[in-house]
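The values are calculated or read from the model by the stated rules, or taken from the named source; none is laboratory data. Note that the structure is a prediction, hence the values are computed from the model and not measured. We place every Cβ from the backbone using ideal geometry, glycine too, and count neighbours over all the protein chains shown. Just so you know, the surface numbers come from the protein's heavy atoms only, side chains and all, with ligands and any DNA or RNA stripped out. Shrake-Rupley method; radii C 1.70, N 1.55, O 1.52, S 1.80 Å.
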Amino acid sequence: MQRQESISPGTDFAGGRHYGLDWLRIGAFAILIFYHIGLFFVNGEWLVKTAEPVEWLAIPMVFTTPWRLALLFAVSGFASAALLGKLGGIERFVRERSKRLLIPLVFAMAVIIPPQSWVGLSFNHGLTESYWTFWSTGYFRFGQLHGVTLPGWEHLWFVAYLWAFTMVLAIGHFFASGAIRRRIVAAIDWMAQGYRLFWLPLVYFVPMRAAITFTLGESHGLFDDWLTDALYLPVFLFGFALARSPQLWPAIMRCARPALLLALASYAVLAALEIRFPDMEGISHAEMALDRAAVGAMMWAMVLFLLAIGTRFLNRDHRWRKTLSEAIFPIYILHQTAIVLIGWWLLPYGLPPLTEFAIILTGTASSCALFYLVARRVSWLAPVAGLSERKDAPVATAPMAEPARQS
């Protein structure tokens, strides 16, 4: 009998939990918050910008750009499989995910996102009307103002896409016949052999990311954003497969080292191009294709490497894990509005960048913590803040198949 590799140490999934994915989710959202603060300081267009850009900050930010959202979609796919197994039916699964994702999204688009749109239009397009006038008469136009779609979802596009991907998954799961399911299982078994899990997805992601660069951009408009769909839907489905296919975990561990090497090589390309062509100004088509190919390669390589890190080193509980896992969604909902408003209020004072950063970070952390603490205590606010009635984080309750054991 062929021996299967063990994925120990740090791979105890006792009780149906993978704590490592919880920690990866927490870490990815924390990086996302710092990334959005960084957007206030680097060159380029955003909702609001400091008067003194910090040009070198773009180099470390380039390191996280290719993979941070892909990792979140992979972990979300795993959590979706967990919840589907827990609820035991597609209808309950669809209802639960729709309630958990759409209620906060609609609330945020009506209450939390409008200040971002107002600041962005004021800063970039010279909007002069007050916030109340803007919100009460112009925000809910369901059209565009100075090229900005209103009402908008800004950073919460991730939630809209996650819901859409979840519905695609639910439809596919409902209609998949037994024969199709067997073919999927066989394909996963084949992918888990050797280093196929490392190189075969690259055959798709690298040319896809490079080719679409010259035809489509990222609009985050869901129905007209084929680039984001083409990149992140497969990663989401891969995360779903992880919860049902223990044979993938040894393959992930086996691919960790080449994945890290590829990720570092890709980052070297991205950093070099960013240094040579700040904001991609003056870059040639060939160099742009190289940049986008490096993004595609680094995306998949870092997802594999971080899943391996989460499994080997982070798969253990801590007294703060449950609280942090629960707090992440409310913090994610509010954080960018806090960053934008604080940055906007700071502009007239002409403060040094380091002082601005300290104030924005402190103010954002404080407001997000307050929002979470209030939401968990106010029954009507909990669902619109992304908290479930039982306050269980999806990944923390993730049942998955037992890992392959040596035989």
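Tabulated results
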read-out	value
Lone unmet requirement of (1) in contact (Cβ under 8 Å) with a residue 60 or more places away in the chain; (2) over 29 Å from residue 232 (Cα atoms); (3) open to solvent by 10 Å² or more (accessible area, probe 1.4 Å) for residue 324	(2)
Some residue of the range 134-149 being in contact with a helix residue (DSSP H, G or I) (Cβ under 7 Å, 6 or more places away or on another chain), within 30 Å of residue 383 (Cβ to Cβ) and open to solvent by 70 Å² or more (accessible area, probe 1.4 Å)	yes
Options 316, 312; residue that is open to solvent by 50 Å² or more (accessible area, probe 1.4 Å) and in contact with a Ser or Thr (Cβ under 8 Å, 6 or more places away or on another chain)	312
Within the range 10-89, helices (runs of 4 or more DSSP H) holding 1 or more residues that are touching a Ser or Thr at 6+ places or on another chain (Cβ under 7 Å) and within 27 Å of residue 320 (Cα to Cα)	19-41, 68-87
Top-ranked residue in the range 384-399 [being touching a helix residue (DSSP H, G or I) at 6+ places or on another chain (Cβ under 6 Å) and open to solvent by 50 Å² or more (accessible area, probe 1.4 Å); ranked as modelled with the lowest pLDDT]	399
First in the range 254-273 and farther than 20 Å from residue 291 by Cβ and part of a helix (DSSP H, G or I), second anywhere and at pLDDT 95 or above and of a type in the set (Ser, Thr, Tyr), Cβ under 9 Å, 6 or more apart	254/195; 255/195; 258/195
Test: residue in the range 206-227 that is modelled with pLDDT of 95 or more and surrounded by fewer than 17 Cβ atoms within 10 Å (Cβ to Cβ)	no
Which numbered condition residue 84 misses (of (1) over 25 Å from residue 274 (Cα atoms); (2) open to solvent by less than 20 Å² (accessible area, probe 1.4 Å); (3) modelled with pLDDT of 95 or more)	(3)
